[in-house]
């Protein structure tokens, strides 16, 4: 079982930052924490 949180932050310039976190709630089963980062240019 995983707990996942994430969201998007839009800068005034139009760039978008995607942030996420995934936590393994079953200790000892797999990777404990995963961070997700993304950046996207403004829409044209």
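The values are calculated or read from the model by the stated rules, or taken from the named source; none is laboratory data. A quick note: this is a predicted structure, and the numbers were derived from the prediction, not measured. Neighbour counts are summed over all protein chains in view; Cβ atoms, including those assigned to glycine, are modelled from backbone coordinates with ideal geometry.
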Search result, residues across segment 7-31 that are surrounded by 11 or more Cβ atoms within 10 Å (Cβ to Cβ) and either free of Cβ contacts under 8 Å to residues at least 12 places away in the same chain or on the phi < 0 side of the Ramachandran plot (or both)
8, 10, 15, 16, 17, 18, 19, 20, 21, 22, 23, 24
With (1) at pLDDT 95 or above; (2) part of a strand (DSSP E or B) as the list, and residue 12 as the residue in question, which single condition is left unmet?
(2)
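Can you tell me which residue within segment 32-44, out of those that are in a strand (DSSP E or B) and touching a residue at least 24 places away in the same chain (Cβ under 8 Å), is surrounded by the fewest Cβ atoms within 10 Å (Cβ to Cβ)?
Residue satisfying both the conditions and the ranking: 39.
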